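The values are calculated or read from the model by the stated rules, or taken from the named source; none is laboratory data. Not measured: the values here are computed from a predicted model. Note: ideal-geometry Cβ built from the backbone for every residue, glycine included; neighbour counts use all protein chains shown.
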Amino acid sequence: MKYRYLTYEEFEVVEDDFSNYLYDCGLSPYEWRLLQDNYSEQAWSMLGEYSDQVFDRLVKDVKYLEFRTDKHLKAIECHKDHMVSIGVEIPESSKLDLTDIGTLLDLDRVDDHAYKCFEFIVSYHKDRDHQIFDMIEEGCYVVDSSVFNKLKILRNSYQN
């Protein structure tokens, strides 16, 4: 298995797609139930194969990831052979909370610029797909380019 089995909650989201997968494998819903009821090795194998297919489709389309805590925000642009990570850290004493989506707009209005912006390029430690999968498992969210672009403008404006 390349990644992990889908959870029950994840499986519920892709249930119709799984029915198509079973059809492509030549199994009827009745035959699938028989395999499941017997806890067969074939059923586990098929679940593993299908889970890998779902995660492969997910990570191949990822262009941007985001990770937030109340005082730390990092946006990651995922390229073929490297990632560009741009982020901002604010002091613990700050009243700003970076988990609030609107806070990013407030950073432009902070007069003391007590926050730190950073940008760096990182090569993948593993292959791209596995590293992106691991980052999602560790709490990153798949997002669009908006936060990355906003942080890039912020970084270029203040270069701190």
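Here are the numbers:
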read-out: Among residues of the stretch 36-95, those that are aromatic (F, W, Y) and in contact with a Lys or Arg (Cβ under 6 Å, 6 or more places away or on another chain), counted; value: 1
read-out: Lone qualifier among E77, E138 - being closer than 26 Å to Y5 by Cα and either modelled with pLDDT of 90 or more or acidic (D, E) (or both); value: E138
read-out: Residues satisfying the stated conditions in the stretch 139-156, i.e. without any contact (Cβ under 8 Å) to a residue 40 or more places away in the chain and not β-branched (V, I, T); value: S146, N149, N156
read-out: Residue check, V59 within 17 Å of G139 (Cβ to Cβ), modelled with pLDDT of 90 or more and touching a Phe, Trp or Tyr at 6+ places or on another chain (Cβ under 9 Å); value: yes
read-out: Residues located in the stretch 47-57, provided they are touching a helix residue (DSSP H, G or I) at 6+ places or on another chain (Cβ under 8 Å) and hydrophobic (A, V, I, L, M, F, W, C); value: V54, F55
